[in-house]
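Everything below concerns the one structure shown next.
Each value in this text was obtained by applying a stated rule to the coordinates, not by laboratory testing. Small disclaimer: the values here were computed from a predicted structure and weren't measured. Ideal geometry is used to build each Cβ from the backbone, glycine not excepted, and the neighbour counts take in all protein chains shown.
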Amino acid sequence: MTAAEERTHDPIDISSFAFWALPPDEREKSFAELRRDRPLSWHRPAETDLLPNPDDPGFWAVVKHADIVAVSRDAETFGSGQEYGGVMLEDVPEDVLEAAHSILAMDAPRHNKSRRVISSVFTPKRVRQIEEQIREQARSIVDDLVSTPGETDFVTAVSARLPMWTISQMIGIPQEKRQEVADAANAMVGWNDPDYVGDGDAMSVLLNALMTLHTASFELSAARREEPADDLMTALVQAEVEGVALTDEEIAAFFVLLCVAGNDTTRQTASHAILALDRNPEQKQRLIEDFDGRIGGAVDEFVRWASPVLTFRRTARKDGEIRGQKIAEGEKVVMFYHSGNRDDEVFDAPEVFDISRESNPQIGFGGGGPHFCLGSHLARMQLSSLFGELLTRVPDLAVGEPEWLAGNFINGIKRLPVTVPEATS
C-alpha cells in the first residue's frame with residue numbers, strides 16, 4: 001500500500017456530483033473552511049462517469065491564491081501533459097485529451113512550439129480586425145435586445161451570442177454551421193449536467209460533441225487550403241514557425257479549445273457580472289458614471305467574481321513540496337481558482353463585489369506561467385464592449401434568478417431571466 005492510499009481523505013466533500021450541483025455560494029462555505037484551517041488537503045477522487053478508476057488514491061486541493069500562483073508557474077514540477085493525465089479533475093482518455101485540449105494538455109517542449117505557432121497568427125493587424133468585429137457584434141446584440149422589450153434569457157440573447165459570434169467570424173465558421181458548433185461546445189463542458197446527459201451517458205455526450213467539432217474543423221481547414229480567406233483558419237493552415245507547422249489534428253484540437261474555452265470565459269463572466277451589477281446597484285451606478293475610466297478595473301472584478309473556470313489539475317512530474325507537505329511524483333494537484341479569488345489574505349473583503357479595488361490580482365485567467373490564458377486580451381475587449389453597450393442603452397435591465405450549471409470545470413449559469421424595459425432606446 002502506498003503512502004497516498006494510507007492517507008486519510010479530508011472530511012469536506014469537494015469530489016461528488018452533489019457538491020458541484022450546489023450554487024457557488026454554498027460551495028464557497030466549504031472552500032472558506034479549507035482556506036482557513038487546511039489550505040492544502042487530500043481528497044477522494046472526483047466522482048465521474050467518464051473513466052472511473054478504482055485505483056485512484058485521490059488528489060491534493062490547492063485553495064490559496066499564493067499556492068495556485070506557485071503551482072501554475074512551476075511547470076518543471078507540476079505537469080499538464082497527456083502523459084500525466086491532462087488538466088481535468090477527472091481522468092479523461094488520452095485520445096480525448098489529444099483531440100480536445102490542444103496546448104492545455106501539453107508540457108515543454110511541445111507546448112512551447114505549438115503555442116508559438118498559434119500565437120504567430122494573432123498579428124497586430126488581425127487583433128485590430130477582431131477588436132473592431134467585437135465592437136460591431138456587441139452593438140448588434142444590444143440592438144436586438146432593446147428591440148424586443150419584455151422578458152428574455154440573458155444567456156441566450158446576450159452572453160452566449162457574443163463569444164460564439166466572435167469565434168465564428170474570427171475562425172471563418174460558415175453561418176449554417178454556427179449553431180451546431182455552439183451546441184457542441186456547450187456539451188463539451190456540460191457533459192455531467194442533466195440537461196445535456198438526458199437518458200444517455202456522459203462519455204457519449206462528450207464524444208459526440210468532440211466528433212461534431214472535429215468534423216467542422218477538418219471541413220473548414222480543407223476548404224481554406226483550397227480557397228484561402230481572410231480568417232484565422234486560413235492563418236492556422238498556413239502558419240509555420242522555424243519550419244514547424246500544425247497538422248490538421250492539431251488545428252482541430254485548437255479549434256475545440258477556441259470554441260470551448262474562448263466561448264465560456266466571456267459567456268460566464270458576462271452572465272455573472274450582469275447579475276452582480278443588478279444585486280449591487282451602487283457599483284453599477286459607479287461604473288455608469290465614469291465607464292471609460294473604470295471599466296478596466298471593473299473587468300478584473302468581473303473575472304474575479306465569476307471565476308469562470310473553476311479548476312485545473314496538474315500532476316507532479318517529480319517529487320515536490322507545497323506548504324511544507326511533500327508531494328510525491330505522480331500525485332494529482334488541483335487548483336481551485338474560485339477559492340483563490342476569495343482569499344482574504346490577498347483581497348480585502350473578498351465576499352464583496354467591488355469594481356473600485358485598488359489591487360485586484362485575480363487569477364480568473366490562470367495563475368501565470370506557461371499556461372496563462374492566450375485569449376485574455378480578447379475576453380477583456382468583449383466584456384468592455386458588451387457592458388459599454390448594455391450600461392449605456394439598457395441601464396434599467398432587471399435581472400431574475402439564475403439557473404446554475406452542474407459541474408466542477410465551468411462556473412456556469414445556464415439560464416438567467418432578464419426584463420428589458422419598454423422605454424429603452
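Dividing the mean sequence gap of close Cα pairs (under 8 Å, 6+ apart) by how many residues the range 77-188 holds gives a relative contact order of 16 percent. Relative contact order of the range 122-245: 20 percent, from C-alpha pairs under 8 Å at least 6 residues apart in sequence. Annotation note: GluC sites (Glu not before Pro) in the range 1-105 located in DSSP loop regions with a Cβ neighbour count of at most 16 within 10 Å are Glu76. The peptide list 59-65, 103-109, put in order of mean Cβ contacts within 10 Å with the highest first, becomes 59-65, 103-109.
For the range 2-76 versus the range 399-421, the spacing of their alpha-carbon centroids is 25 Å. Sorting 157-165, 414-422, 235-243 by their mean Cβ neighbour count within 10 Å, with the most densely packed peptide first, gives 157-165, 414-422, 235-243.
Between Phe17 and Lys113, full extension at 0.36 nm per residue minus the direct alpha carbon distance yields a gain of 30.9 nm. Under Stokes-Einstein, with the Kirkwood radius over Cα pairs as Rh, the value for the range 1-85 at 25 °C and 0.890 mPa s is 169 µm²/s. Here the range 168-316 is described by how far its Cα atoms reach on the three principal axes: 54, 43, 42 Å, from widest to narrowest.
In Å, what Kirkwood hydrodynamic radius results for the range 2-150 from the alpha-carbon pair distances? The Cα-based Kirkwood calculation yields 19.2 Å. In terms of packing, defined here as the mean over residues of other Cβ atoms within 10 angstrom, the peptides 295-307, 207-219 line up highest first as 295-307, 207-219. Set the Förster radius R0 to 41 Å, insert the Cβ-Cβ distance between Thr8 and Glu282 as r into 1/(1 + (r/R0)^6), and round the FRET efficiency to 0.05. Here the calculated transfer efficiency is 0.35. Dividing the Cα radius of gyration of the range 3-420 by its Kirkwood radius returns 0.95 for Rg/Rh.
Pairs exceeding a 22 Å alpha-carbon distance, out of Lys64/Lys113; Lys64/Lys326; Lys29/Lys64: Lys64/Lys113.
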